[in-house]
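Encoded as structure tokens, the structure appears first; notes follow it.
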Amino acid sequence: MASYKPEVLHRIWRTEIEIYQAITEICERHGLRYYAAYGTTLGAVRHGGFIPWDDDMDVCMPRKDYDAFLKYAEKELPEKLKIEGIGYSKGSVMPFVKIANKKTVFVEASDAEKKLRTGIFVDIFPMDTAAPTETLKRKQRRKCMLYGRAMVLAEYGRGKLPEGINPVAGALVQAGCGLIHGCLKLLRLDTAHFYRAFYREATRYETGEPKEYVLQAYFSEFATEYAPAEWFFPTAEIPFEDITVKVPKETDAYLRNMYGEYMKLPPVEEQHNHYPIELKFEEE
């Protein structure tokens, strides 16, 4: 993991807090449910703010609130902020959005070859209603992951490989990605096509009040991506740097489900961030 100079990391944090506050102002104005998620919740509980080596903030919203937020944000975000995601920005391929400061630049090494050039951002993830049985959960997750990967390959001919993959295996995977990409181009199947299919599967069970949420069906096959609905709302509020953030009501259960013994620091080799190859702040 590459390390930031402390003054650089703190400037990133300050920009992200400003974006987070713009997001939450819209949510509060319109009565939308949300909470600071994943490493943001962990950082708030364990460190009273950002995880010391981390460089991002995450927000989650139930799908109904997420869809409503996007409609409001199109009109109500501050001028210097923008929505990045499928249908909003060229080159976006992931089925969630970022709210980015368009006067900044933040390009990760893994995104160097992509068309999308983002700024410093906060991720917003939708929470979907989980299917009611284990069999239907597996089907829902499998289809979402399939469409999620197709969204990427419809736009790009190279995949993001796991760290430490054997070079020969990596070359074969990239060749396969290139072949699939070419076929999708010939068939004129683009990212938007697969996003519509993804959205249909992800929201298939959005009826009534959910008993269980699936948090990121398109990324993971692990059970930690499922959580009982009663863990989340009404949220709790705890300090985070010089502000407060909303976190899941059952914070301990949520963090144990995601991270296990979450108060124990991970070894240095597992302390990951999104260190950019290009970084520019607003006033530069």
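For the chain, which whole percent of the accessible surface, found with a 1.4 angstrom probe, sits on carbon and sulfur atoms? Carbon with sulfur: 55 percent of the solvent-accessible area.
Across the chain, Cα-Cα pairs farther apart than 31 Å form 28% of the total. Along its first, second and third principal axes, ordered by size, the stretch 1-135 spans 45, 37, 36 Å in Cα coordinates. Run a plain Debye calculation on the stretch 234-284 (Cα atoms as equal point scatterers, no solvent) and give log10 I(q)/I(0) at q = 0.13, 0.16, 0.26 Å⁻¹, rounded to two decimals, same order as the q list. One equal scatterer on each Cα of the stretch 234-284 leads to -0.57, -0.78, -1.02.
By accessible area of protein heavy atoms, probe 1.4 Å, what ranking do MET151, MET94 get, highest first?
MET94, MET151
Volume per residue of the convex hull around the Cα atoms, evaluated for the stretch 18-95, comes out as 118 Å³.
Suppose we look only past 15 Å in the calculated P(r) of the stretch 27-67. What percent of the Cα-Cα pairs does that tail hold? List each step's numbers first, then the result.
On the way: 372 of 820 pairs.
Of the Cα pairs, 45 percent sit more than 15 Å apart.
With charges set only on the Cβ (+1 for Lys and Arg, -1 for Asp and Glu), what does the dipole of the chain come to about its Cα centre, in debye to the nearest 20? The partial results should precede the final answer.
Details: 39 positive and 43 negative charges, 272 e Å.
Taking the Cα centre of the chain as origin, the dipole is about 1300 debye.
When the Cα positions of ALA171, PHE281, GLY85 are compared along the charge dipole of the chain, ALA171 comes out farthest toward the positive end, with charges on each C-beta of Lys, Arg, Asp and Glu.
From most to least packed by mean Cβ count within 10 Å, the peptides 122-134, 32-44, 269-281 give 32-44, 122-134, 269-281. In this structure, the pairs whose alpha-carbon distance is over 32 Å, taken from LYS5/LYS64; LYS71/LYS211; LYS98/LYS185, are LYS5/LYS64.
For the stretch 192-284, a Kirkwood hydrodynamic radius built from all Cα pairs, placed in the Stokes-Einstein relation at 25 °C and 0.890 mPa s, yields a translational diffusion coefficient of 146 µm²/s.
Helical runs (DSSP H, four residues minimum) scored at -39500 (n - 2.57) apiece and divided by the length of the chain put the mean residue ellipticity at 222 nm at -13000 deg cm²/dmol.
The values are calculated or read from the model by the stated rules, or taken from the named source; none is laboratory data. These figures come from a predicted structure and were not determined experimentally. Heads up, the Cβs are rebuilt from the backbone with ideal geometry, glycines too, and the neighbour counts pull from every protein chain shown. When the accessible area is computed, the model is the full protein with side chains, heavy atoms only, and any ligands, DNA or RNA have been set aside. Shrake-Rupley method; radii C 1.70, N 1.55, O 1.52, S 1.80 Å.
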